[in-house]
Amino acid sequence: MAGDLRYWLGFNAVRGIGPVRLRHLIELFGSVQAAWEAPEATLRQVGLERRALENFLQARRTLDLDALLRHLQATPFRALTWDDEDYPALLREIAAPPPLLFVWGEVGAEDRWAVALVGTRRATTYGREVAHRLGTALARQGVTVVSGLARGIDAIAHRAALEAGGRTIAVLGSGLDRLYPREHRKLAAQIAEHGAVISEYPLGMPPEAGNFPPRNRIISGLSRAVVVVEAGIKSGALITADYAAEQGRDVFAVPGSILSPASAGCNRLIRDGAAVVTEAEDILLALGWERVAEARRVQAALPSTPTEALILQQLAEGPLHVDEVARRCSLPAAEVSSTLVVMELKGLVRQVSPLHYVALV
C-alpha cells in the first residue's frame, strides 16, 4: 500500500538502520508506520545505537515522505517490501533480507530456478568464453542468470542469457537511477525487459565503493547456487561465494591455469571445497535441475489465482458456457469472462465455440 510504502522509503533513507534493527523496531511497535512515528523518548529506551538513533531522528525531521513516494512513482521503478507477496521468495530466506527492494522489470515465480555467474572485471579471453558458454547453456535450460552488471564476467553472463532468449537479473551497488557503469545503460534496459534490475539502495545513491560488498549478499540470496567463473585472490566475486556458503547455497568454481592470476581465486575455492564446473550440466545435475525447462512450463500451466483454480475445477467436466461457469463459481460473469481470456493466453483453457470453454490441463 502506498501509505505504508512512504514509511519503508523513509527508513530506507536512514543510514545505520538496516534489516535487523528495522525488524526489531517493527516488532516492538507493531508496524512500520508506528515505528516511524514512535515517541523520541521511547526510541531512546529501546536500545538503538546512538548514531543510528540520531540519524533516524534527523531524517524524521527533514524527510518529506510524500515527496519520496511521488519521486518513485514518476520513475519506471517500483518498490517491494517484506510485506509484499511478490518479494523474491529465495531472498526472503536469507538471514537479513533487504527490507525494501527497488525493482526495474519483474521478478517472477520462474526465477526460483536461478544461478549467479560472477567473476572478475578484468576477464581474460578464457574467462569471457566460459562465462558466455555457461550463461547461454543455463538460459537455454530455463535457468535465470543472476549477476551484478559489472564490467567483465558479469556483463558477459547477462548478455549471454539475453542472447539465448532467457531471463536474467542484475543487482546494483547504487540507486537504479545511478546505473554503474554508465556504459551498461542499454544492457540494463534490456535486462529490465527480460528479467529485472534490482537495488536495495535509494534512488539517487551513487555507486560508492562500500555499497558493493553488501549487494553481493543479494546476488547470492536470489540464487540457488553461485558460480565463480574467473576471479583473482582479491576479487569481489569471492565475497559473493562467502555469502552463498553462509546462506546455505551451493558454491561452484571454474578451474583455471595455476599460472594465471585471474584464476587463483577460483582454484583456491576448489581447494577449499567448492564444486568444479566445466559445463552447465555440472550445475544442473548437482542441483537436480536436469528438467528445469519442463518444470517451468508446468509451473506456467498451473492456475496462479484461486479464481483460476475454481474455474478449472468446473471445466474439468467438459465444455461450459461462460454464464454457466459464473453460476457454478458464484462469480460475476464479467470477472469469469476476463479471467478466461487470461487463462486462454496461458494455455490453461481453450474456447471450443463462442463463449464455451474447455480445460486443457
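Which helices (runs of 4 or more DSSP H) sit wholly inside the range 85-192 and have at least 2 residues that are among the small types (G, A, S) and under 22 Å from A225 (Cα atoms)?
Details: elements: 89-92, 125-140, 153-163.
Passing ranges, in order: 125-140, 153-163.
Under the condition of being at pLDDT 90 or above and part of a loop (DSSP other than H, G, I, E, B), which residue from the range 38-53 is farthest from F11 (Cα to Cα)?
P39
Return the total of residues in the range 263-291 being of a type in the set (G, A, S) and crowded, with 22+ Cβ neighbours inside 10 Å.
So the first thing to find is which residues in the range 263-291 are of a type in the set (G, A, S), and the list is 263-265, 273-275, 280, 286, 288.
After this cut, where a residue has to be crowded, with 22+ Cβ neighbours inside 10 Å as well, the list is 263, 265, 274.
Here the count works out to 3.
What number goes with the only condition from (1) under 28 Å from the mean Cα position of the chain (by Cα); (2) closer than 25 Å to A237 by Cα that E85 does not pass?
E85 satisfies every listed condition except (2).
If I go through the range 217-242 residue by residue, how many of them are surrounded by 24 or more Cβ atoms within 10 Å (Cβ to Cβ) and not in a strand (DSSP E or B)?
So the answer is 11.
If D111 passes every condition in (1) acidic (D, E); (2) at pLDDT below 95; (3) more than 26 Å from R92 (Cβ to Cβ) but one, which one does it miss?
Against the list (1) acidic (D, E); (2) at pLDDT below 95; (3) more than 26 Å from R92 (Cβ to Cβ), D111 comes up short only on (3).
Out of all the residues in the range 9-27, is one or more among the polar types (S, T, N, Q), under 30 Å from G248 (Cβ atoms), assigned to a helix (DSSP H, G or I) and in contact (Cβ under 8 Å) with a residue 12 or more places away in the chain? Even if it seems obvious, please write down each step before you answer.
Quick first cut of the range 9-27, residues among the polar types (S, T, N, Q) only: 12.
If we keep only those that are under 30 Å from G248 (Cβ atoms) too, we end up with 12.
The next check asks that each one be assigned to a helix (DSSP H, G or I); those that pass are 12.
Now drop any that are not in contact (Cβ under 8 Å) with a residue 12 or more places away in the chain, which leaves 12.
Yes, some residue in the range 9-27 is among the polar types (S, T, N, Q), under 30 Å from G248 (Cβ atoms), assigned to a helix (DSSP H, G or I) and in contact (Cβ under 8 Å) with a residue 12 or more places away in the chain.
Among the residues of the range 12-31, which ones are under 16 Å from L63 (Cβ atoms) and either touching a Lys or Arg at 6+ places or on another chain (Cβ under 9 Å) or basic (K, R) (or both)?
V14, R15, G16
Within the range 301-331, which residues are small (G, A, S) and over 16 Å from K346 (Cβ atoms)? Before you say what the answer is, go through the steps one by one.
First pass over the range 301-331, keeping only residues small (G, A, S): 301, 304, 309, 316, 318, 326, 330.
Residues satisfying the conditions are A316, G318, A326, S330.
Is it the case that the range 137-144 has a residue that's within 23 Å of P88 (Cα to Cα), touching a strand residue (DSSP E or B) at 6+ places or on another chain (Cβ under 7 Å) and at pLDDT below 95?
Keep residues of the range 137-144 that are within 23 Å of P88 (Cα to Cα), which gives 138-144.
Right, trim to touching a strand residue (DSSP E or B) at 6+ places or on another chain (Cβ under 7 Å) and you get 138-139, 143-144.
Pick out the ones that are also at pLDDT below 95 and you get none.
No, the range 137-144 has no match at all.
Of all the residues that make up the range 156-178, how many are without any contact (Cβ under 8 Å) to a residue 40 or more places away in the chain and more than 17 Å from the chain's Cα centre (by Cα)?
Residues of the range 156-178 that are without any contact (Cβ under 8 Å) to a residue 40 or more places away in the chain, as a first pass: 156, 158-166, 168, 170, 174, 178.
Imposing the further condition that a residue be more than 17 Å from the chain's Cα centre (by Cα) reduces the set to 156, 159-160, 163-165, 178.
The number of residues fulfilling the criteria is 7.
Against the condition more than 29 Å from G135 (Cα to Cα), in contact with a Phe, Trp or Tyr (Cβ under 9 Å, 6 or more places away or on another chain), of a type outside the set (D, E, K, R) and not assigned by TED's automatic domain parsing to the domain that holds W289, how does P76 come out, does it pass?
Working: more than 29 Å from G135 (Cα to Cα): no; in contact with a Phe, Trp or Tyr (Cβ under 9 Å, 6 or more places away or on another chain): yes; of a type outside the set (D, E, K, R): yes; not assigned by TED's automatic domain parsing to the domain that holds W289: yes.
In short, no.
Does any residue of the range 54-71 turn out to be out of contact with any Gly (no Cβ under 7 Å at 6 or more places or on another chain), among the hydrophobic types (A, V, I, L, M, F, W, C), in a loop (DSSP other than H, G, I, E, B) and surrounded by fewer than 18 Cβ atoms within 10 Å (Cβ to Cβ)?
Checked the range 54-71: no residue is out of contact with any Gly (no Cβ under 7 Å at 6 or more places or on another chain), among the hydrophobic types (A, V, I, L, M, F, W, C), in a loop (DSSP other than H, G, I, E, B) and surrounded by fewer than 18 Cβ atoms within 10 Å (Cβ to Cβ).
The values are calculated or read from the model by the stated rules, or taken from the named source; none is laboratory data. Remember, it's a predicted structure, so these values are computed and weren't measured experimentally. A quick note on method: Cβ atoms are made from the backbone with ideal geometry, for glycine too, and the neighbour counts reach across all protein chains shown.
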